[in-house]
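In what follows, a single structure is set out as structure tokens and then discussed.
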Amino acid sequence: MTSKIVADALLRDLSFRDSAVHRTNAAHAFRFALDFEPERVWPDLAFDTSSPLARYSADARDEVTEVIGAVARVAGTGAPKALDFINAHMETALICRSGAIDGASSASNRELVGLCVLTNMHAPSDRVLVCAEALLHESIHQYLYKTERDDGNFCDLSEARTYRSPWSGNRIPLHSLIHACFVWYGLLSLWSQLARSAGKDDELSLLREKASGVMFGFSFVRQMLAGPSFPLASVQPDIVAVIDRIAQIAPSAGLVDLEQSTLRDSLRQWESGAWVGRLAKSLQRIGA
């Protein structure tokens, strides 16, 4: 059974706030291996990861390697705890390309702890942030898999019923939905941290869009947990408690208080970057 100590550790370990965001003496690099010629057939993907058709050409591999290197530099400068976290939990990334998947994507599997698949990371225009999201997303899954292996599952692992994810809109099993709450909490922490050192308006705008999407998803979570069809008894109580805490506080960072300011002024503050400090305070309240 998951204990309160383990549940509370999730909030601490998935918070990437760091007062010293510029560690100039650190080596901003990932330590996990890049496998451009995987022999493993990954389960539940729309393509065969071991097929030669899923491999990048020799010249194209340098482009993807550079994207991953850029992620390490961005994280090492703006969110060093996230860089350390990925290095602690990711062992090997299978690097693939496929026309069967629209755009970039990533995948993990409970039976393959320490490994992930990164697909089409060359494709997005904002590929560095997309790849950063993919790497932290899958690293959090590795961390959660190991935590459950050592301390007990967070919930029933049955896949007989599915539930609507408030972030993707897809129907996913209960265990995936519970994981998603922690994955998106960690990503929200990452966007908040990177926004503190964002140097360009367009970069800050991208981070704002990503953060607002996560907060919007969390605004539905408490209603979902309280719904009559949700199997609350199938989730460990202490896990429910920490998810409820995240869902209670995280969306408040994006709320507009029309009693305190006009809609125009509130939206201007949101666009100017005032949301960064508000989000940081909300995340601090979650972890307190």
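How high is the relative contact order of the chain? Use alpha-carbon pairs under 8 Å, at least six apart in sequence, and give a whole percent. The value is 19 percent. Each of His141, His122, His175 was scored by other Cβ atoms within 10 Å of its Cβ. Arranged with the fewest first, they read His122, His175, His141. Taking the Cα centre of the chain as origin and assigning +1 to Lys and Arg Cβ atoms and -1 to Asp and Glu Cβ atoms, the resulting dipole is close to 740 debye.
Taking the square roots of 5 times each eigenvalue of the Cα gyration tensor of the stretch 44-195, largest first, gives ellipsoid semi-axes of 25, 20, 15 Å. Here, P(r) means the percent of Cα pairs in each 10 Å bin from 0 to the largest distance; for the stretch 82-156 it is 20, 47, 26, 7, 0.
Our coupling estimate for the stretch 128-141, obtained by passing each phi through the Karplus curve with A = 6.51, B = -1.76, C = 1.60 and θ = phi - 60°, is 5, 5, 5, 5, 4, 4, 4, 5, 6, 3, 6, 5, 5, 4 Hz, Gly and Pro reported as x. Bridge orientation summary for the chain: considering DSSP beta bridges with both residues in this region, about 45 percent are antiparallel.
Translational diffusion coefficient, Stokes-Einstein: compute it for the stretch 141-258 using the Kirkwood radius over C-alpha pairs as Rh, at 20 °C and 1.002 mPa s, and state it as an integer in µm² s⁻¹.
On the way: Rh = 15.4 Å.
For the chosen part, D equals 140 µm²/s.
The percentage of C-alpha pairs in the chain whose separation is greater than 32 Å is 26%. Excluding residues fewer than 8 places away in the same chain, name every one of the lysines whose C-alpha is closer than 20 Å to that of Lys281. Partners found: Lys81, Lys210.
Taking only the Cα atoms of the stretch 9-123, the radius of gyration and Dmax are 15.4, 45 Å.
Can you sort Trp167, Trp184 so the residue with the fewest Cβ neighbours within 10 Å comes first?
Details: Trp167 19, Trp184 25.
Going from least to most buried by this count: Trp167, Trp184.
Near Asn153: Cβ cut-off under 15 Å, other residues only, Lys/Arg at +1 and Asp/Glu at -1. The net charge is -4.
Every read-out reported here was derived from the displayed coordinates using simple, explicitly stated rules and does not represent laboratory data. This one's a predicted model, so the numbers in the text were calculated from it and none came from an experiment. Glycine gets a Cβ as well: all are built from the backbone with ideal geometry, and neighbour counts include every protein chain shown.
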